[in-house]
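Shown next, in structure tokens, is the structure this report addresses.
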Amino acid sequence: MELNINRDDPATNDFITIHAKYKSLPNKVFIHDTFSGDKFEEILKDYKSKGISNTISEYLPNSTGGYIMNKKVLIELSGNIFCSYLGIDIESETFIIEEVVFYFKDPEDEEIVKEITAIIIEHTISSETKIPRINTLSVDSGTLDIHPVHCEEIDIKKNYNKETREEIKGLIKKINSVNSGLSIIHGSRGVGKTKLLNHIVMNSNRTSIYIPTNMIDLSINSPEFKDFLQKYDYPLLIIDDLEFITNSQVSHMNYFASNLIQLVDGFLSDNIQIIVMMNEVSERELDKNLINCNSLMDIINIKKLNNKKATKLSKNLGLNIKYKEKTLLKDVYNGKTSKISKIGL
């Protein structure tokens, strides 16, 4: 995680401080992991000396008018050992520690470092524990946050036409390999867009955040939203049931489309992927700013099932309906069609 606190290169300041103490180059041990903040600092208290203790703090504004507080710490431990680390969102109940470095002078001091490290790693936070992969945006006590949601994977081979499967497979590959991008998925109600979305997020290597349309002003349209996203290394933002950007008069009156593009195409864009979901539209109905976006990766139209695929799916579901026309996925599952005949009749 790149914080503003790192821009003045405090690692260099640490080196100068420690070199002045040792009168020689220090040895280093890096720990590339994430730890529970309370547990980490509690462990270090048992080894802390009355020597050097230096803290640099930063306050990052959030979307609610408040601040997220981070700190960069350098402390001297017993045995002539130093430890530096980053504390992230330290005023929250679940703050985390990252970028841990131990400095020591003599080779025999490394045994103490190993002793401390062995205790610390018992409180490692896995990426799955720290940030669930599939989440929805929410507001808790006036503060923007995310909550995990449950998604069920589906067999897309049974539920979608080959063309759709190939397009979604290509989209997932891009989401996992391209730093920033914007994708638009559209189709009639009932074609299975939400089920496909579940498949996409469960097969991406990103932290997905579903944004309800009633929270657009607190997220996409908020200038502080990018500060909130700094907590997530590779976010995938999903906006469903989005219709107003297809109306040119409305979209030119509001600044949503421009804000959307700034997240993936702006000067400060970094590692953000966005999927916009909407009902079926023609390309000429879409906001021209989105069509011309440099980071636009895909516009995918999810179509009705062809009659052979619909008939086969119906048979797999035990409904045994023979379809003669293209059909909505929803109608196949509900056993509905305007023109049907039972198989074998």
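The values are calculated or read from the model by the stated rules, or taken from the named source; none is laboratory data. Values in this document were obtained by computation on a predicted structure and should not be read as measured data. Every residue, glycine as well, gets a Cβ built from its backbone with ideal geometry; the counts of neighbours run over all protein chains shown.
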Any chance you could count how many residues in segment 169-194 are more than 15 Å from GLN273 (Cα to Cα) and either crowded, with 22+ Cβ neighbours inside 10 Å or modelled with pLDDT of 90 or more (or both)?
9
What single numbered condition from (1) modelled with pLDDT of 85 or more; (2) surrounded by fewer than 15 Cβ atoms within 10 Å (Cβ to Cβ); (3) acidic (Asp, Glu) fails to hold for GLU99?
(2)
Please work out if LEU296 is of a type outside the set (Ser, Thr, Tyr) and at pLDDT 85 or above.
yes
Please work out which one of (1) over 30 Å from GLY79 (Cα atoms); (2) in a helix (DSSP H, G or I); (3) modelled with pLDDT under 85; (4) of a type outside the set (A, V, I, L, M, F, W, C) is the condition HIS147 fails and give its number.
(2)
Taking the stated definitions as given, is GLU163 modelled with pLDDT of 90 or more and assigned to a helix (DSSP H, G or I)?
yes
